[in-house]
Amino acid sequence: MPDKKPELSAAMKSKVEPKVFKKNPILGTKFTIAISSAKGGVGKSTFATNLALALNKVGCKVGILDADIYGPSIPKMFDINEKPKSDGQKLDPITKYNIQCMSIGFLADQQTPMIWRGPMVTSAIKTFTQKVNWKDLDFIIVDMPPGTGDTQLTFSQEIQMDGAIIVSTPQEVALLDVKRGIKMFDKLGVKILGLVDNMSYFTGDDGKKYSIFGEGGVERTAEEFNKEFLGEVPINPDVGKFGDKGKPIVEENPEHEISKIFLNLAEKIKSTYL
């Protein structure tokens, strides 16, 4: 008679069996799309705000969640200087340009540094996803912070993310972090919709294209990881100028060549999900 196998204790089981996380959708929304890069300084927040506005202009109800606790950009880019209202239980998003917005920057002075440890960041993210009155949104665009840390893990493991768009400039030093981000999302089971080459080139007064940060790196990375390449967004001074004024280029001038790039991408996302 074979020996009976000893049963594992609860403590031992916890070490053997992987933890299964329950993924909760953000109430009041249909689809959650993360805009990520794992690298700072690549224009991710500018991309997120203009994509949100483009989705709205093609007929979608849209919100934007600024998940960059340490460096929130949405208050500046939407020129919002008020605090969200609350009933004591939940916060109401602030609506600007027909986009529902939420950011830690609405709750603290823009020059106040957020000197928080990881658990505090996780708590803030859970507040923004579970205790905000998002209202009947087709899409919520999440402006992710750089890195592959607490915020990314919280969204990937505990929030139902329907896709991620990876934004990068084409130089290799940026792509090193981007590749880590791709591997993180793949490992955590988050679908990557594709990669975008941001600030890919500049067109001079002579009409020539100048690849300031290198050329083709993002597209090669997309091929390396078998992801879709979603195209290029060139450098244009108008993007920064309008963004600094709190009226992103898609809102300020929908007919601008840069705006049309975002509108085309928005149409593609809309047709994919709705």
Exercise for the section: Would you mention how many residues in the range 34-89 are assigned to a strand (DSSP E or B) and on the phi > 0 side of the Ramachandran plot? Expected result: 0
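Right, T203: surrounded by fewer than 19 Cβ atoms within 10 Å (Cβ to Cβ) and more than 17 Å from K23 (Cβ to Cβ) or not?
In short, yes.
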Problem - Answer from D150, D197, D162 - the residue that is without any contact (Cβ under 8 Å) to a residue 40 or more places away in the chain, within 27 Å of I104 (Cβ to Cβ) and under 16 Å from the mean Cα position of the chain (by Cα) - result: D150
Practice task
Please work out if D150 is over 29 Å from M102 (Cβ atoms) and at pLDDT below 90.
Solution key: no
Practice task
Kindly indicate whether any position in the range 13-21 is within 18 Å of Q157 (Cα to Cα) and at pLDDT 90 or above.
Solution key: no
Problem - the range 91-126 - residue that is modelled with pLDDT of 95 or more and charged (D, E, K, R) and, of those, farthest from L51 (Cα to Cα) - result: D92
Problem - Top-ranked residue of the range 118-160 - restricted to ones that are acidic (D, E) and in a strand (DSSP E or B), ranked as nearest to S36 (Cα to Cα) - result: D143
Practice task
Would you confirm whether any residue within the range 166-179 is surrounded by 15 or more Cβ atoms within 10 Å (Cβ to Cβ), of a type in the set (K, R), within 30 Å of P234 (Cβ to Cβ) and at pLDDT 90 or above?
Solution key: yes
Completion exercise
Of those in the range 254-274 that are outside any helix (DSSP H, G or I) and farther than 19 Å from S45 by Cβ, the residue farthest from the chain's Cα centre (by Cα) is E255
Handout entry: the range 62-82: number of residues that are out of contact with any Gly (no Cβ under 7 Å at 6 or more places or on another chain) and over 16 Å from V142 (Cβ atoms)
Key = 3
Problem - Any hit, the range 204-226, residues being under 15 Å from S37 (Cβ atoms), acidic (D, E) and touching a residue at least 24 places away in the same chain (Cβ under 8 Å) - result: no
Problem - Residue check, T272 loosely packed, with under 15 Cβ neighbours inside 10 Å and among the polar types (S, T, N, Q) - result: yes
Handout entry: Residues of the range 149-169 satisfying the condition of being over 17 Å from F139 (Cα atoms), among the charged types (D, E, K, R) and in contact with a Lys or Arg (Cβ under 8 Å, 6 or more places away or on another chain)
Key = E158
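The values are calculated or read from the model by the stated rules, or taken from the named source; none is laboratory data. Values in this document were obtained by computation on a predicted structure and should not be read as measured data. As a convention, Cβ positions derive from the backbone with ideal geometry for all residues, glycine included, and neighbour counts pool all protein chains shown.
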